[in-house]
Amino acid sequence: MSILKSLRESLKDVLKEAGYNEDSIIITESSRKDLGDFQINDAMRLAKIYHKSPVDIANDVANILKENKNFKNVNVAGPGFINFSLSDKFIIESLNKITNIDENIDKEENKLIFMDYGGANIAKTLHVGHLRSANIGEGVKRLAKTLGYTVISDVHFGDIGRQSGMVISEIKERYPNLPYFDENYNGDYSEVDFTITEDDLGEIYPLASTKAKEDESKMAEVIEITKELEDGNKGYTALWNKIKEVSIKDIKKVYKEINTTFDLYEGEGDCYPYIPEVIDYLEKGNYLRESEDAKVIDVIEESDNSPMPPLVVIKNNGGTLYATRELATMYSRLKRFNPDELWYFADFRQSLYFEQVFRAAKKTNLIENNKVLGFYGFGTMNGEDGKPFKTRDGGVMSLKELISTLTSVTRARINENMVEEEKRDEVARKLAIAALKYADLIPYRETDYIFDPEKFTSLEGKTGPYLLYSTIRMKSLLSKVEDKEYKVIKLKGNEDRKVALELFNLSESLTKSLKVKSLNELADYIYRLTSFYNSFYNSNIILKEEDEDLKESYLALTKLVYNTNLKVLNILGLEIPEKM
């Protein structure tokens, strides 16, 4: 049980002793620190239940708190706000209970969560537009696991669609004699002498896309190839599988660089075995209706205040759509894993689409009503002009290019007296990733933000490198003393109290972040904790402290902050170098 939860439980007993039997109590940080560390705001609510003055109720509770050695500076302000501070005795005893940081984290009810984030497209280079889904999704996954959930994550590749037809069309134009394009070929496609690299794909897709947009006949060919691939054309399928293998390897490499991994690396194509079953179910249940030669599911509800178009499930030519594959994918996930909840992370502009799909799944009973479907949209990462981040020539910047650019900047931040030359590139890379990821997690998930490379790679201010530098300094301090379990024996002043009280807030920050599926609260938390610790560190010469009790207390506090930082930085996906 976390310290704050334990505090709430003890305050429930205080309320009962005062004659107010309540199961919940609201504690917030006091808006006026001169009045106390915390504030209880329940008196106004209790006044309606017990038909008493809020001030009288507040005084009843305050009088009991004043007799308790765990509290000090107890007072009643305004219409019934109860302010109080925690005694040094309570703080010290609490700190010494959380030598294991997990003991200061309240676990949630264990549920099985299936998470869909990433969304990379096969044959396309990962670009800055792919960052937020991977970054936020990975952070929420790690957070959910920390709070006790079981999580299955899937990258859900875009491996079916127009880009497949474009790439195959371009390869066919360049190498028309390859066996993949010979209808009479009966040999083993795995023995075909044809090699394609990630660099080839990086050049082929943009060119093929441009050609198709500018030439109607080329677009018609692309559409036909795409349909034949979906229908199981053996040659196209073999070629596309080769392309997928190369592309997925490259995509995994980039994801790994930004500390993002998945349990499953499945794509839209993996749902194909389930599509006939889903369509048959929808047909037999009379959930589909004809609309302009297509088949749709009506998802409008009486409570809708704006238009809600039907979900198109089958095209007029009998082909499937993205929505068809989405429903089949959801169905397959429920059938194979039976999760309690499914969480989807994608660009906020897809919110209407996901609302349609979720309604269709529930209305048709394809997904049971007790299963929770959640869509968590996010804003865009923009350049200094306020528009989506691009290269200098106006193109979409790849994640590889962005990481390389940031690495050049962070390379100059390294203390060359501390880091050996052969390790500087590695350290610069870790700093660049930390700068990129932390900057992306600071704003609330739905908010657009401007990415400033110079600002977010700084060793000062609210940045990833600042957090890493501070945490490394804590580790360096602890490395100079005996590795043992230190105890907090006494507190000296305001700086160490601030650090201690912020340590108590860990569990609430984790819980709040998971509730809204956004890491901004946790990103703020670790910055506050680290800043408070740095103020404390700068006010005390810890290793030269002559008072041995204070010295041990300072080292115990340092170790607690260091371990808390390790926990939070891991959730955020920030990797700590040995030195910088």
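The values are calculated or read from the model by the stated rules, or taken from the named source; none is laboratory data. None of these values were measured; they are calculated from a predicted model. With ideal geometry, Cβ positions are generated from the backbone for all residues, glycine too; neighbour counts draw on all protein chains shown. Areas reflect the complete protein model, heavy atoms only, side chains present, ligands, DNA and RNA absent. Shrake-Rupley method; radii C 1.70, N 1.55, O 1.52, S 1.80 Å.
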Could you tell me which numbered condition Ala435 fails, if it satisfies all but one of (1) within 20 Å of the chain's Cα centre (by Cα); (2) part of a helix (DSSP H, G or I); (3) in contact (Cβ under 8 Å) with a residue 40 or more places away in the chain? (3)
Can you tell me which residue in the stretch 89-144 is farthest from Ala432 (Cα to Cα), limited to those that are touching a residue at least 40 places away in the same chain (Cβ under 8 Å) and aromatic (Phe, Trp, Tyr)? Phe114
Residue pairs meeting the criteria (Cβ under 9 Å; at least 6 apart or on separate chains; first farther than 18 Å from Thr511 by Cβ and assigned to a helix (DSSP H, G or I), in the stretch 3-19; second at pLDDT below 90 and among the hydroxyl-bearing types (Ser, Thr, Tyr)): Lys12/Ser24
Of everything in the stretch 431-444, what is surrounded by 22 or more Cβ atoms within 10 Å (Cβ to Cβ) and farther than 12 Å from Leu402 by Cβ? Give them in sequence order. Leu431, Ala434, Tyr438, Leu441
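From Lys579, Lys559, Lys551, grab the single residue that is in contact with a Ser or Thr (Cβ under 9 Å, 6 or more places away or on another chain), in a helix (DSSP H, G or I) and open to solvent by 30 Å² or more (accessible area, probe 1.4 Å).
Of the residues listed, the single one that is in contact with a Ser or Thr (Cβ under 9 Å, 6 or more places away or on another chain), in a helix (DSSP H, G or I) and open to solvent by 30 Å² or more (accessible area, probe 1.4 Å) is Lys559.
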Of the residues Leu366, Leu406, which single one is in contact with a Pro (Cβ under 8 Å, 6 or more places away or on another chain), more than 21 Å from Val155 (Cβ to Cβ) and open to solvent by less than 70 Å² (accessible area, probe 1.4 Å)? Leu406
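Is it true that Ser87 is small (Gly, Ala, Ser), more than 18 Å from Asp250 (Cα to Cα) and touching a Lys or Arg at 6+ places or on another chain (Cβ under 7 Å)? Spell out how you get there, then give the answer.
Details: small (Gly, Ala, Ser): yes; more than 18 Å from Asp250 (Cα to Cα): yes; touching a Lys or Arg at 6+ places or on another chain (Cβ under 7 Å): yes.
Judged against the criteria, Ser87 is a match.
Mind checking whether some residue in the stretch 501-524 is of a type in the set (A, V, I, L, M), within 30 Å of Asp347 (Cβ to Cβ) and not in a helix (DSSP H, G or I)? Spell out the reasoning first.
The initial filter retains those residues of the stretch 501-524 that are of a type in the set (A, V, I, L, M), namely 501, 503, 506, 510, 514, 516, 519, 522-523.
Now drop any that are not within 30 Å of Asp347 (Cβ to Cβ), which leaves 510, 514, 516, 519, 522-523.
Next cut, not in a helix (DSSP H, G or I) only: 519.
Yes, the stretch 501-524 contains at least one residue that is of a type in the set (A, V, I, L, M), within 30 Å of Asp347 (Cβ to Cβ) and not in a helix (DSSP H, G or I).
Using the structure shown, decide if Ala208 is assigned to a helix (DSSP H, G or I) and farther than 30 Å from Leu436 by Cβ.
Details: assigned to a helix (DSSP H, G or I): yes; farther than 30 Å from Leu436 by Cβ: no.
It is false that Ala208 is assigned to a helix (DSSP H, G or I) and farther than 30 Å from Leu436 by Cβ.
Tally the residues that are open to solvent by less than 60 Å² (accessible area, probe 1.4 Å) and either more than 17 Å from Val357 (Cβ to Cβ) or more than 32 Å from the chain's Cα centre (by Cα) (or both), restricting the search to the stretch 273-296.
At the first step, the residues of the stretch 273-296 found to be open to solvent by less than 60 Å² (accessible area, probe 1.4 Å) are 274-275, 278-279, 282, 285, 288, 291, 294-296.
Now restrict to residues that are either more than 17 Å from Val357 (Cβ to Cβ) or more than 32 Å from the chain's Cα centre (by Cα) (or both): 279, 282, 285, 288, 291, 294-296.
Residues that pass the stated criteria total 8.
Yes/no matrix, rows are residues, columns are (1) among the polar types (S, T, N, Q); (2) in contact with a Gly (Cβ under 8 Å, 6 or more places away or on another chain); (3) part of a loop (DSSP other than H, G, I, E, B):
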| site | (1), (2), (3) |
| --- | --- |
| Gly269 | no, no, no |
| Val278 | no, no, no |
| Pro309 | no, no, yes |
| Thr324 | yes, no, no |
| Pro339 | no, no, yes |
| Phe345 | no, yes, no |
| Val357 | no, no, no |
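Output yes when any residue across the stretch 224-242 is under 26 Å from the mean Cα position of the chain (by Cα), among the aliphatic types (A, V, I, L, M) and open to solvent by less than 10 Å² (accessible area, probe 1.4 Å), and no when none is.
Keep residues of the stretch 224-242 that are under 26 Å from the mean Cα position of the chain (by Cα), which gives none.
Within the stretch 224-242, none of the residues are under 26 Å from the mean Cα position of the chain (by Cα), among the aliphatic types (A, V, I, L, M) and open to solvent by less than 10 Å² (accessible area, probe 1.4 Å).
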Scanning the stretch 177-205 for residues that are hydrophobic (A, V, I, L, M, F, W, C) and in a helix (DSSP H, G or I), the one most open to solvent (accessible area, probe 1.4 Å) turns out to be Phe181
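How about the stretch 212-266: which of its residues are among the charged types (D, E, K, R) and farther than 30 Å from Ile403 by Cα?
Step one: filter the stretch 212-266 for residues among the charged types (D, E, K, R), giving 213-216, 218, 221, 224, 227-228, 230-231, 234, 242, 244-245, 249-250, 252-253, 256-257, 263, 266.
Lys213, Glu214, Asp215, Glu216, Lys218, Glu221, Glu224, Lys227, Glu228, Glu230, Asp231, Lys234, listed by residue number.
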Which pairs turn up if I take residues in the stretch 28-48 that are closer than 11 Å to Asn75 by Cα and open to solvent by 20 Å² or more (accessible area, probe 1.4 Å) and look for partners that are in a loop (DSSP other than H, G, I, E, B) and at pLDDT 95 or above with beta carbon separation below 7 Å, at least 6 apart in sequence or on another chain? none
